[in-house]
Amino acid sequence: MNNKQKSIENLTSSECGVEFTLSVIGGKWKPLILWLLAKKGTKRYGEIKRFIPS
């Protein structure tokens, strides 16, 4: 098995860091909430709720 095949196997394994990260921060609203908190700083629940479209 050459290095390229090993790299491809690593990307498809459950040990892939990108896959794990996306499983943690993925979802419908998490990226939007994280962006809001990064740009605007600390917010209360109600402020975040008003920012998210219905």
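Read the figures in this text as sums done on the coordinates, not as results from a lab. Bear in mind that the values here come from a model prediction, so they are computed numbers and not experimental data. Because the Cβ atoms are built from the backbone with ideal geometry, glycine has one as well, and the counts that use them run over all protein chains shown.
See the values below:
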{"quantity": "Extension gain, Leu34 back to Glu47 (0.36 nm per residue minus Cα-Cα distance, nm)", "calculated": "3.3 nm"}
{"quantity": "Mean Cβ count within 10 Å, highest first, over the residues of peptides 28-39, 43-54", "calculated": "28-39, 43-54"}
{"quantity": "HN-Hα J in Hz across segment 23-28 - Karplus 6.51, -1.76, 1.60, θ = phi - 60°, x for Gly and Pro", "calculated": "5, 7, 9, x, x, 6"}
